[in-house]
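None of the figures in this text is laboratory data; all of them are computed from the coordinates on show. Here the structure is a predicted model, which means the values were calculated and not measured. Cβ coordinates were reconstructed from backbone atoms using ideal geometry, including for glycine residues, and neighbour counts include every protein chain displayed.
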Amino acid sequence: MRILAALFALLLLGGCAPSPVLDSVLERGELRVGTRAANPPFSERTLDGYRGLDMELASRLAGRLGVRVAYVEEQGDPRAGLERGDYDLALSGHPLGTGDPAMSRSYLDNGLTPVVPRGRAVQGIMDLNAPGEVVLVDPAHAAAARDLLPRAQVVERPAPSGAEVVQGGASAILAPAATAYTLVRADARLWAPIIRAPLTEEGVGIMVPRSDPALLGRVNGFLDDLEASGELDMLVDVHVR
């Protein structure tokens, strides 16, 4: 019976190359997913368990394999957790690494987008690239912000506050799309008018063990199918846009 289940899972995820991790998942009947407890809208632990975009993806992948999902909180570097075998996949809004051989294709464009007071019309970057505009940005994205906004005043903040924008202390926050969504969800006085068309490219992917390239191919096939069906866009609309 287990042999038949393994063959069926291989057909569903595409490809016939052996995958040690997938074999173990099917043997135990459980997909262990590394995640984080407080990383909305990707993953968030609640009294009832976990919720978020990545939980939706994990649930659909496990369903396709015919196994249950078990969430394991990442401790430190998720890559180390994968190599130790703490979990089978790491799925918690991880940005794509340049040329990383163990990272899936992107499932979300998490590029920078402005968050402004609700009602302010912003159709593109030129609406903020002017003297007198004060734009908050976290230090990790400061260089990109200054390239985009050479005429504005770019101010670095470790955790930019929506309250500062609402109260007039700054014109906007420039943040990754998922962060922008979280800011808007927390304060109805804010909005992200061009969140569907981020100003930069910053993909988010699924990590797999470096030792299992066959699993990577199958995860990519799963994401391709989810996108082709329109289901991936639907999930992104619910959780990020």
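This model, with +1 at the C-beta of Lys and Arg and -1 at the C-beta of Asp and Glu, gives segment 111-191 a dipole about its Cα centre of some 180 debye.
Calculated [222 nm] ellipticity per residue, helices only, for the chain: -10500 deg cm²/dmol; basis is -39500 (n - 2.57) per DSSP H run with n ≥ 4, divided by all residues, nearest 500. Rounded to two decimals, the Cα-based Rg/Rh of segment 138-241, with Kirkwood Rh, is 1.06. Here the chain is treated with +1 on each Lys and Arg Cβ and -1 on each Asp and Glu Cβ, and its dipole about the Cα centre works out to around 300 debye. When the Gaussian network model of the chain links Cα atoms closer than 10 Å, the mean-square fluctuations of TYR181, TYR50, TYR107 top out at TYR50. Whose amide H sits under 5 Å from the amide H of PHE42, counting only residues 5 or more places off or on another chain, with H placed in the peptide plane? HN-HN under 5 Å from PHE42: LEU53.
Along its three principal directions, the equivalent ellipsoid of segment 111-191 from the Cα gyration tensor extends over semi-axes of 17, 14, 12 Å, largest first. Only one residue of GLY29, ALA102, VAL154 has its Cα farthest out toward the positive end of the dipole of the chain, where Lys and Arg carry +1 and Asp and Glu -1 on Cβ, and that residue is VAL154.
If R0 is taken as 22 Å, the Cβ-Cβ distance between ALA140 and ASP233 corresponds to a FRET efficiency of 0.20.
Rounded to whole numbers, the Karplus 3J(HN,Hα) couplings from phi for segment 38-53 are 9, 9, x, x, 6, 8, 7, 8, 10, 5, 9, x, 10, 9, x, 4 Hz, using 6.51 cos²θ - 1.76 cosθ + 1.60 with θ = phi - 60°, and x at Gly and Pro. What angle, in degrees between 0 and 90 and rounded to the nearest 10, separates the Cα long axis of helix 2-13 from the longest principal axis of the Cα atoms of the chain? Computed tilt is about 30 degrees. Amide H to amide H, with H built 1.01 Å from N, GLU30 comes under 5 Å of ARG68, counting only residues 5 or more places away or on other chains. Residues in segment 202-211 carry Karplus couplings, in order, of 8, x, 10, x, 9, 8, 10, x, 4, 7 Hz; the curve used is 6.51 cos²θ - 1.76 cosθ + 1.60 with θ = phi - 60°, and Gly or Pro positions show x.
Of all alpha-carbon pairs in segment 68-210, indicate the percentage at a distance above 21 angstrom. That fraction is 48 percent.
Across q = 0.10, 0.13, 0.15 Å⁻¹, the chain modelled as identical point scatterers on its alpha-carbon atoms has Debye log10 I(q)/I(0) values of -0.52, -0.81, -1.00, in the order of the q list.
Only one residue of ALA130, VAL166, TYR87 has its Cα farthest out toward the positive end of the dipole of the chain, where Lys and Arg carry +1 and Asp and Glu -1 on Cβ, and that residue is VAL166.
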